[in-house]
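Here's the structure we're looking at; comments come further down.
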Amino acid sequence: MGLSSTMIFLIVDDSKISRRWLIEMIPKKILESAEIIEGCNGEEAIALYDQHRPDIVFLDITMPIIDGFEALERIRAINKDALVVMVSADRQKSTKEKVLSLGASALISKPIDEEEFRTTLLKLVF
């Protein structure tokens, strides 16, 4: 996928501030032609994924209605090749193992390091 392609990002977090931070970390050259879709819980994540089929999903783990773990499983049931990056303040090894065993493409810890975010994004989509 090249920079001339319009990328669709789905960013799901119950914190509007966290969603804004993630959007601001997307490199400007990508963001200029990207479509950004936002959701605030796991139920919205699943519905928005099914409707828009984004190129990449950033999904918080701790959310109301349906948590990120279940949302990840259901998104992967829709598309086993979906690129889903989980985001969490939980730094326990067991959380990382669970996320990866459910098929996440990566896990980024909060507070989010901008360099780690950009490296992960570029590694997954280019």
Self-check item: Shape of the stretch 2-64, Cα gyration tensor, a/c cut at 1.5
Solution: oblate
Quiz prompt | the chain: calculated mean residue ellipticity at 222 nm from DSSP helix runs of at least 4, using -39500 (n - 2.57) | solution = -13000 deg cm²/dmol
Exercise. Using amide H atoms built 1.01 Å from N in the peptide plane, name the residues 5+ places from residue 56, or on other chains, whose amide H lies under 5 Å from its own.
Key: 8, 10
Quiz item: Between residue 17 and residue 116, what length in nm is gained on full extension when 0.36 nm per residue of separation is reduced by their alpha carbon distance?
Solution: 33.8 nm
Quiz item: What net charge is computed for the residues neighbouring residue 58, neighbours being all others with C-beta under 11 Å from the C-beta of residue 58, Lys and Arg scored +1, Asp and Glu -1?
Solution: -2
Quiz item: What is the stretch 8-125's relative contact order, in percent, from Cα pairs under 8 angstrom and six or more apart in sequence?
Solution: 24 percent
Quiz prompt | Note, ³J(HN,Hα) from phi for the stretch 89-106, Karplus 6.51, -1.76, 1.60, rounded to Hz, x at Gly and Pro | solution = 7, 7, 9, 5, 4, 5, 5, 4, 4, 5, 4, 5, 5, 7, x, 5, 7, 6
Practice problem: Step through the table entries 16/96; 98/123; 16/98; 28/93, compare each Cα-Cα distance with 27 Å, and write down the pairs that go over it. | Solution: 28/93
Quiz item: In sequence order, what are the phi-derived ³J(HN,Hα) couplings for the stretch 42-53 according to the Karplus relation 6.51 cos²θ - 1.76 cosθ + 1.60 with θ = phi - 60°, rounded to whole Hz, with x for glycine and proline?
Solution: x, 4, 5, 4, 5, 5, 5, 4, 4, 6, 9, 6
Quiz item: residue 38's amide H: which non-local residues (gap 5+, or another chain) put their own amide H closer than 5 Å, with H modeled 1.01 Å from N in plane and none for Pro or chain starts?
Solution: 11
Exercise. Report ³J(HN,Hα) in whole Hz for each residue of the stretch 79-87, in order, from the Karplus equation J = 6.51 cos²θ - 1.76 cosθ + 1.60 where θ = phi - 60°; Gly and Pro get x.
Key: 8, 5, 9, 4, 8, 10, 9, 7, 10
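Computed from the coordinates by the stated procedures, all read-outs in this text should not be read as laboratory data. Quantities reported herein were computed from a predicted structural model and do not represent experimental measurements. Don't worry about glycine lacking a Cβ; one is built from the backbone with ideal geometry, like all the others, and counts go over all protein chains shown.
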